[in-house]
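Here's the structure, in structure tokens; my notes come after.
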Amino acid sequence: MTVSCGVCFRGSSMSVQESDLNKKRMAKERWEREYGRAQKREADFTTISGMDVPPLADTEDLRGFDPDAEVGYPGQFPYTRGIHSTMYRSRLWTMRQFAGFGTPEDTNRRFKYLLSQGQTGLSTAFDMPTLMGYDCDSAMARGEVGREGVSVSSLEDMEILFDGINLDQVTTSMTVNCSASIVFAMYLVMAEKKGVSWDKLRGTLQNDMLKEFIAQREWISPPSPSVKIVIDVIEFCARHVRGWHPVSISGYHIREAGSTAVQELAFTIADGIGYVEESIKRGLDVDEFAPRLSFFFNVHNDFLEEVAKFRAARRMWAKIMRDRFGAKDPKSLTLKTHAQTAGASLTAQQPINNVARVTIQALAAVLGGTQSLHTNSMDETLALPTEEAVTVALRTQQIIAEESGVVNTIDPFGGSYLMESLTSRIEKEAFDYIDKIDRMGGIIASIEEGYPQKEIADAAYKYQRELDTGIKTIVGVNKYVEENEEIPIPLLKIEEEVETAQREKLADLKRRRDNKAVKSRLENILLAARRGDNLMPFIVDAVRDYATLGEISDIFREAYGFYRDPGYF
Amino acid sequence: MGQENRLRILIGKAGLDGHDRGVKIVARALRDAGFEVIYTGLHNTPEAIVETALQEDVDAVGLSILSGAHNYLFPEIIRLLEEKGLGDITVFGGGIIPKEDIDGLKQKGVKAVFEPGTSTDEIISWVRENVSPRVI
């Protein structure tokens with residue numbers, strides 16, 4: 001790192017210092033003149049989120065900035081430089097490719113393949129019916145079984161999905177939200193039947209309903225009861241499944257819906273505040289559950305903005321947990337995060353270019369200090385990934401980890417004028433949003449008013465207009481376009497038979513199981529819902545008797561009602 | 001604004017697919033271009049889409065499908081429209097739809113399928129050129 005001359009002469013006479021300052025001022029003025037005269041490529045330079053970026057950052061940009069307080073050391077408050085003192089020198093991030101398609105048998109094969117290729121954790125993608133609380137035999141599931149993920153309607157499907165996988169040796173992530181409590185109950189009972197005790201289980205349940213209403217849009221019931229069930233899972237895990245992350249507070253989908261980087265950060269942290277507040281209201285002590293909260297951010301193309309976003313996220317969460325909620329356990333203060341490269345940034349045109357985009361994004365996540373990473377496959381704008389495509393995506397992470405060398409120094413951007421000023425600016429703008437949400441009465445109230453939804457829709461529309469008018473570029477889409485291009489890569493096809501096979505299997509299960517027991521288990525969930533009890537123990541009992549995901553979701557619909565999309569645009 | 005700008009267009013999401021970034025951008029761009037836009041919101045059955053098309057007297061239905069269920073949802077909605085005597089409503093759409101499926105969808109009556117990367121201006125001009133007011 002270069003050291004300015006002013007520092008070399010520290011302690012010498014005033015006149016020397018003054019002349020140094022003069023020299024520095026003159027150098028800066030000279031640069032400003034030269035820069036001002038020169039022709040520029042664009043009138044305004046902005047990030048992909050529309051944030052102005054300076055041509056150059058220097059000490060001026062850090063005026064008033066206290067690096068000891070705001071940057072500090074890794075593993076120490078405010079964790080700007082990373083949550084661990086050694087970061088990737090001890091252990092690399094978890095390479096976790098999101099996978100799921102077709103039948104549980106199909107996905108089980110993909111899981112085993114990924115583990116055999118050096119992947120270090122599993123991440124399960126469920127199909128839309130599962131994600132929305134419908135069984136594969138529901139009228140709402142027509143045409144969608146196994147298409148966007150794996151179909152899981154019952155404990156039996158869950159048992160097939162994890163057949164032959166040692167649950168005490170891998171960590172499992174499950175991306176599911178409104179039906180998360182049910183899928184998690186199936187996972188717990190499946191583990192129990194394999195003889196793995198709940199305290200040995202490690203993994204993450206997405207279970208973040210607030211961002212569903214803001215962005216991803218999978219729901220059963222309205223926001224308040226939906227959040228109640230999220231807190232049920234947090235409370236249940238704090239008591240019975242202590243190694244598990246009961247919620248993954250997700251900005252990923254907020255960004256995919258078209259938000260800016262600041263909005264992604266702000267709304268995600270606001271959701272986190274919402275869950276902490278609700279858990280405290282439930283009677284939990286903050287340090288009882290906060291160490292197990294985890295996060296999930298998007299990594300988009302604008303490299304420096306993304307690195308800054310991760311650094312700002314850690315600092316904000318540490319301050320909020322300490323100062324707003326009085327958390328004492330250092331683990332409550334650290335923002336642990338998964339990251340996924342931005343699906344919406346990939347292009348159907350010239351899809352091999354996506355490998356380059358994913359590399360840039362993955363590198364930003366690593367320099368941002370992520371704990372876990374999914375790299376998208378080049379074919380994901382066209383279909384679910386083929387085995388070849390997912391292998392390239394995994395290899396991209398391995399190349400960053402084992403060839404690029406960026407993992408060997410902790411937070412290599414720390415101290416950069418631009419990075420520190422960008423981190424502070426993103427933090428400030430995100431805190432402004434959080435203040436506004438607080439004034440609206442908190443995140444649930446603001447979602448009910450449609451505030452984050454409208455902010456995101458505005459940002460998405462603005463960006464699309466910038467693309468349409470050529471202000472922003474996407475290579476191969478609005479610049480360097482190839483006419484009549486053929487897709488040069490093979491695509492994964494999901495056969496129609498998946499739906500039929502799953503339906504038949506479920507019909508068979510419904511004949512074999514003890515239907516009387518199922519009925520009484522379902523009634524118990526309804527009664528518990530009416531009493532306002534924690535539903536988890538009742539859901540666990542129900543899935544153990546093979547009550548299905550759709551049947552339990554129907555109980556939610558009965559107890560709490562449906563949510564309809566207000567359709568803001 | 002010309003007569004064609006009075007066109008009423010239903011922009012819809014059918015099935016469980018929750019990807020609504022694109023559909024909302026298209027709805028807004030069409031509205032800003034002067035069309036009357038009715039957006040259904042998410043998670044509609046084909047029956048509900050067709051019912052709304054009937055109630056709202058629309059001239060065209062634009063569907064957004066990113067769930068892979070396009071080969072079921074498009075033909076089903078066209079079948080139901082015809083069943084209700086609404087076969088003259090122009091049906092178009094977009095989303096994640098593999099090229100190899102596009103011809104099949106067109107044969108079943110989908111007038112245009114817009115792929116990822118299409119600009120909103122392209123969609124607006126297509127609607128101007130290809131959708132005419134229905135004679136009711």
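The values are calculated or read from the model by the stated rules, or taken from the named source; none is laboratory data. Quick caveat, the model's predicted, so the values are computed rather than measured. All Cβ positions, glycine included, derive from the backbone under ideal geometry; neighbour counts span all protein chains shown.
Please go through segment A:29-53 and pick out each residue that is among the aromatic types (Phe, Trp, Tyr) and not in a loop (DSSP other than H, G, I, E, B).
Initial filter on segment A:29-53 (among the aromatic types (Phe, Trp, Tyr)): A:31, A:35, A:45.
Scanning segment A:29-53 gives A:Trp31, A:Tyr35.
For segment B:22-45, does any single residue satisfy the condition of being under 27 Å from A:Ile494 (Cα atoms), within 13 Å of another protein chain (Cβ to nearest Cβ) and of a type in the set (D, E, K, R)?
Scanning segment B:22-45 turns up no residue that is under 27 Å from A:Ile494 (Cα atoms), within 13 Å of another protein chain (Cβ to nearest Cβ) and of a type in the set (D, E, K, R).
Test B:Phe114 against the criterion of being among the aromatic types (Phe, Trp, Tyr), within 15 Å of B:Gly12 (Cβ to Cβ) and either touching an Asp or Glu at 6+ places or on another chain (Cβ under 6 Å) or more than 14 Å from every other protein chain (Cβ to nearest Cβ) (or both), and give yes or no. Explain how you work it out, then say what you get.
Working: among the aromatic types (Phe, Trp, Tyr): yes; within 15 Å of B:Gly12 (Cβ to Cβ): yes; either touching an Asp or Glu at 6+ places or on another chain (Cβ under 6 Å) or more than 14 Å from every other protein chain (Cβ to nearest Cβ) (or both): no.
So B:Phe114 fails the test.
Here is a list of conditions, (1) surrounded by 15 or more Cβ atoms within 10 Å (Cβ to Cβ); (2) over 26 Å from A:Ala141 (Cα atoms), and B:Glu129 meets all of them except one; can you say which number that is?
Evaluating B:Glu129 over (1) surrounded by 15 or more Cβ atoms within 10 Å (Cβ to Cβ); (2) over 26 Å from A:Ala141 (Cα atoms) leaves (1) as the failure.
Going by the structure shown, is A:Asn353 free of Cβ contacts under 8 Å to residues at least 60 places away in the same chain, within 14 Å of chain B (Cβ to nearest Cβ), at negative phi and not charged (D, E, K, R)?
Values: free of Cβ contacts under 8 Å to residues at least 60 places away in the same chain: no; within 14 Å of chain B (Cβ to nearest Cβ): yes; at negative phi: yes; not charged (D, E, K, R): yes.
Criteria not met by A:Asn353.
Any residue at all in segment A:508-525 that's touching a residue at least 60 places away in the same chain (Cβ under 8 Å) and in contact with an Asp or Glu (Cβ under 8 Å, 6 or more places away or on another chain)? Lay out the reasoning, then the answer.
Of all residues in segment A:508-525, those touching a residue at least 60 places away in the same chain (Cβ under 8 Å) come to A:509.
Those still in the list that are in contact with an Asp or Glu (Cβ under 8 Å, 6 or more places away or on another chain) too: A:509.
Yes, there is a match, as at least one residue in segment A:508-525 is touching a residue at least 60 places away in the same chain (Cβ under 8 Å) and in contact with an Asp or Glu (Cβ under 8 Å, 6 or more places away or on another chain).
Would you say A:Leu131 is within 27 Å of A:Val366 (Cα to Cα), touching a residue at least 40 places away in the same chain (Cβ under 8 Å) and part of a helix (DSSP H, G or I)?
On the way: within 27 Å of A:Val366 (Cα to Cα): no; touching a residue at least 40 places away in the same chain (Cβ under 8 Å): yes; part of a helix (DSSP H, G or I): yes.
So A:Leu131 does not fit the description; no.
Return yes or no: is A:Tyr113 assigned to a helix (DSSP H, G or I) and closer than 25 Å to A:Lys309 by Cβ? Quick ask: steps written out before the conclusion?
Details: assigned to a helix (DSSP H, G or I): yes; closer than 25 Å to A:Lys309 by Cβ: no.
Criteria not met by A:Tyr113.
Considering segment A:328-342 alone, what residues qualify as being in a loop (DSSP other than H, G, I, E, B), touching a Ser or Thr at 6+ places or on another chain (Cβ under 7 Å) and surrounded by 24 or more Cβ atoms within 10 Å (Cβ to Cβ)? Walk me through it before giving the result.
At the first step, the residues of segment A:328-342 found to be in a loop (DSSP other than H, G, I, E, B) are A:328-329, A:334-336, A:342.
Narrowing the set further to residues that are touching a Ser or Thr at 6+ places or on another chain (Cβ under 7 Å) leaves A:336.
Hits for segment A:328-342: nothing passes.
Tell me the residue from B:Gly34, B:Gly68, B:Gly62 that is under 23 Å from A:Ala460 (Cβ atoms), surrounded by fewer than 18 Cβ atoms within 10 Å (Cβ to Cβ) and in contact (Cβ under 8 Å) with a residue 24 or more places away in the chain, please.
Details: B:Gly68 fails: surrounded by fewer than 18 Cβ atoms within 10 Å (Cβ to Cβ); B:Gly62 fails: surrounded by fewer than 18 Cβ atoms within 10 Å (Cβ to Cβ).
It is B:Gly34.
Please determine whether any residue of segment A:421-440 is assigned by TED's automatic domain parsing to the domain that holds A:Glu278 and outside any helix (DSSP H, G or I). Quick ask: steps written out before the conclusion?
Of segment A:421-440, the ones assigned by TED's automatic domain parsing to the domain that holds A:Glu278 are A:421-440.
The next check asks that each one be outside any helix (DSSP H, G or I); those that pass are A:440.
Yes, that holds for at least one residue.
Test A:Tyr451 against the stated conditions and say whether it is of a type in the set (Phe, Trp, Tyr) and within 14 Å of chain B (Cβ to nearest Cβ).
Details: of a type in the set (Phe, Trp, Tyr): yes; within 14 Å of chain B (Cβ to nearest Cβ): no.
Judged against the criteria, A:Tyr451 is not a match.
Taking the residues in segment A:164-201 that are assigned to a helix (DSSP H, G or I) and without any contact (Cβ under 8 Å) to a residue 40 or more places away in the chain as candidates, determine which candidate is surrounded by the fewest Cβ atoms within 10 Å (Cβ to Cβ).
Residues of segment A:164-201 assigned to a helix (DSSP H, G or I): A:180-193, A:198-200.
Filter once more, so that each one left must be without any contact (Cβ under 8 Å) to a residue 40 or more places away in the chain: A:187, A:190-193.
Numbers: A:Tyr187: 27, A:Met190: 22, A:Ala191: 20, A:Glu192: 14, A:Lys193: 12.
Checked segment A:164-201; the qualifying residue surrounded by the fewest Cβ atoms within 10 Å (Cβ to Cβ) is A:Lys193.
For segment B:97-109, indicate whether the set of residues that are closer than 23 Å to A:Gln349 by Cβ and crowded, with 18+ Cβ neighbours inside 10 Å is non-empty.
Our first condition is that a residue be closer than 23 Å to A:Gln349 by Cβ; within segment B:97-109, this holds for B:97-106.
Now restrict to residues that are crowded, with 18+ Cβ neighbours inside 10 Å: B:97, B:105.
Scanning segment B:97-109, I find at least one residue that is closer than 23 Å to A:Gln349 by Cβ and crowded, with 18+ Cβ neighbours inside 10 Å, so the answer is yes.
Can you name every residue in segment B:71-80 that is farther than 22 Å from B:Gly18 by Cβ and either of a type in the set (S, T, N, Q) or surrounded by 24 or more Cβ atoms within 10 Å (Cβ to Cβ) (or both)?
none
Of all residues in segment A:136-158, which are in a helix (DSSP H, G or I), more than 9 Å from chain B (Cβ to nearest Cβ) and in contact with a Pro (Cβ under 8 Å, 6 or more places away or on another chain)? Please lay out each step first, then the result.
Looking only at segment A:136-158, we keep the residues that are in a helix (DSSP H, G or I), and these are A:139-141, A:155-158.
Subsequent filtering for residues that are more than 9 Å from chain B (Cβ to nearest Cβ) retains A:155-158.
A:Asp157, A:Met158 - these are the residues of segment A:136-158 that are in a helix (DSSP H, G or I), more than 9 Å from chain B (Cβ to nearest Cβ) and in contact with a Pro (Cβ under 8 Å, 6 or more places away or on another chain).
Taking segment B:50-103 on its own, how many of its residues are of a type in the set (Val, Ile, Thr) and within 13 Å of chain A (Cβ to nearest Cβ)?
Summing the residues that are of a type in the set (Val, Ile, Thr) and within 13 Å of chain A (Cβ to nearest Cβ) in segment B:50-103 gives 6.
With the requirement that a residue be in contact with a Gly (Cβ under 7 Å, 6 or more places away or on another chain) and among the acidic types (Asp, Glu), what does segment A:211-249 give you?
The one that is in contact with a Gly (Cβ under 7 Å, 6 or more places away or on another chain) and among the acidic types (Asp, Glu): A:Glu218.
So which residues in segment A:13-39 are of a type in the set (A, V, I, L, M) and over 16 Å from A:Ala57 (Cα atoms)? Break it down into steps so the answer makes sense when it comes.
Of segment A:13-39, the ones of a type in the set (A, V, I, L, M) are A:14, A:16, A:21, A:26-27, A:38.
The answer is A:Met14, A:Val16, A:Leu21, A:Met26, A:Ala38.
Would you please name the residue that is nearest to A:Ala185 (Cα to Cα), looking only at residues in segment A:100-142 that are among the small types (Gly, Ala, Ser) and buried (at least 24 other Cβ atoms within 10 Å of the Cβ)? If you could, list the steps in order and put the result at the bottom.
Our first condition is that a residue be among the small types (Gly, Ala, Ser); within segment A:100-142, this holds for A:100, A:102, A:116, A:118, A:121, A:123, A:125, A:133, A:138-139, A:141.
Still in the running and buried (at least 24 other Cβ atoms within 10 Å of the Cβ): A:100, A:102, A:123, A:133, A:141.
Working: A:Gly100: 19, A:Gly102: 22, A:Ser123: 17, A:Gly133: 14, A:Ala141: 22 Å.
If we take residues in segment A:100-142 being among the small types (Gly, Ala, Ser) and buried (at least 24 other Cβ atoms within 10 Å of the Cβ), then A:Gly133 is nearest to A:Ala185 (Cα to Cα).
Any residue in segment A:83-102 that's within 19 Å of A:Leu333 (Cα to Cα): show its pairings with residues that are assigned to a loop (DSSP other than H, G, I, E, B) and among the acidic types (Asp, Glu) at Cβ separation under 8 Å, as long as the two are six or more apart or on different chains.
Here the result reads A:Met87/A:Asp411, each pair linking segment A:83-102 to a residue that is assigned to a loop (DSSP other than H, G, I, E, B) and among the acidic types (Asp, Glu).
Which one of A:Glu70, A:Glu42, A:Glu60 is at pLDDT below 95, surrounded by 10 or more Cβ atoms within 10 Å (Cβ to Cβ) and of a type in the set (D, E, K, R)? Before you say what the answer is, go through the steps one by one.
Details: A:Glu70 fails: at pLDDT below 95; A:Glu42 fails: surrounded by 10 or more Cβ atoms within 10 Å (Cβ to Cβ).
It is A:Glu60.
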